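Remarks on the structure that follows.
The values are calculated or read from the model by the stated rules, or taken from the named source; none is laboratory data. Every value quoted in this text rests on a predicted model; they were computed, and no experiment measured them. Positions of Cβ are generated from backbone atoms using ideal geometry, with glycine treated the same way; all protein chains shown enter the neighbour counts. Keep in mind that these areas ignore ligands, DNA and RNA; they rest on the heavy atoms of the full protein, side chains included. Shrake-Rupley method; radii C 1.70, N 1.55, O 1.52, S 1.80 Å.
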Amino acid sequence: MGIGGAVALAVVGGILWSLTAPGPPYTVLADCRGLLPPEAITEIPELAGGSVEGEALGAGETAEAAVLQQVECWSVNDDEDASGLMTVSLRRYGPQTRESEYVTLQRALDRERRELTGGLAEEEASARHVEIADGVVADIRLRSLGLGQDGYAAVFSNAEDDYGTYDDMDSWAVAHFYDRNVMVQIMYQGAADMPPEAKLDTATAIAELVDRRLGETAQTA
């Protein structure tokens, strides 16, 4: 191959990288009021009419030194006839993680996924009676998410510990993904008679909402 051909390939490679590479890192995350205003959650089952509360931690206040900002949001419906509960956690890592294609977040997500699902790794997988914590077992179904990077959702049902139903929860769903230098974790617990599949669908819908609101409200470098 001549020099011209090599240069042409390099140019094409650079164009492809610019088209597929993650965008610039996030520098500031909105607080819970900006990320999840009341009107944003009105269609979430068991949460309509509920309020969103939360807290934000800055550099030096988070559990991980690598996390520069952490936003924790939750919504609980005060209606005694409803039983909705949603938590949303965002962790913003340093912008330099872009230099390694955000591999720090990929590793953290992979590690947390293994711990959370008892090692279940296949997309669209399901398993029964999986140990998800010390002395806690549950049936699990996984779903791949087309959000951010390496996103997945999971629903846990028939959860039990040595004393019966685990922490008064029979089933709940989660959704995790990362977008650039921000890790997103969501948990949803609906009514006791809500089918696990419906909880999985709801966690997926919440993840889509948070992904959209993150792009609309966060600042980038």
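Structure values in brief
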| read-out | value |
| --- | --- |
| Residue match in the stretch 141-159 (condition: out of contact with any strand residue (DSSP E or B) (no Cβ under 8 Å at 6 or more places or on another chain) and either closer than 18 Å to ARG91 by Cα or assigned to a strand (DSSP E or B) (or both)) | no |
| Residue check for ALA218: over 15 Å from the mean Cα position of the chain (by Cα), surrounded by 16 or more Cβ atoms within 10 Å (Cβ to Cβ) and closer than 22 Å to CYS73 by Cα | yes |
| Residue within the stretch 187-203 that is open to solvent by less than 20 Å² (accessible area, probe 1.4 Å), assigned to a loop (DSSP other than H, G, I, E, B), modelled with pLDDT under 95 and in contact with a Lys or Arg (Cβ under 6 Å, 6 or more places away or on another chain) present | yes |
| In the stretch 87-100, residue farthest from VAL184 (Cα to Cα) [restricted to those that are among the charged types (D, E, K, R) and at pLDDT below 90] | GLU99 |
| Given (1) more than 19 Å from ALA218 (Cβ to Cβ); (2) open to solvent by less than 50 Å² (accessible area, probe 1.4 Å); (3) of a type in the set (D, E, K, R), index of the condition ARG92 fails | (1) |
| Residue in the stretch 42-52 that is modelled with pLDDT of 90 or more and either of a type in the set (A, V, I, L, M) or surrounded by 15 or more Cβ atoms within 10 Å (Cβ to Cβ) (or both) present | no |
| Residues satisfying the stated conditions in the stretch 40-56, i.e. among the hydrophobic types (A, V, I, L, M, F, W, C) and under 15 Å from ALA191 (Cα atoms) | ILE44, LEU47, ALA48 |
| Residues of the stretch 71-86 that turn out to be more than 14 Å from PRO45 (Cα to Cα) and either touching a helix residue (DSSP H, G or I) at 6+ places or on another chain (Cβ under 6 Å) or modelled with pLDDT of 65 or more (or both), as a count | 4 |
| Lone unmet requirement of (1) touching a residue at least 24 places away in the same chain (Cβ under 8 Å); (2) open to solvent by 60 Å² or more (accessible area, probe 1.4 Å) for ARG107 | (1) |
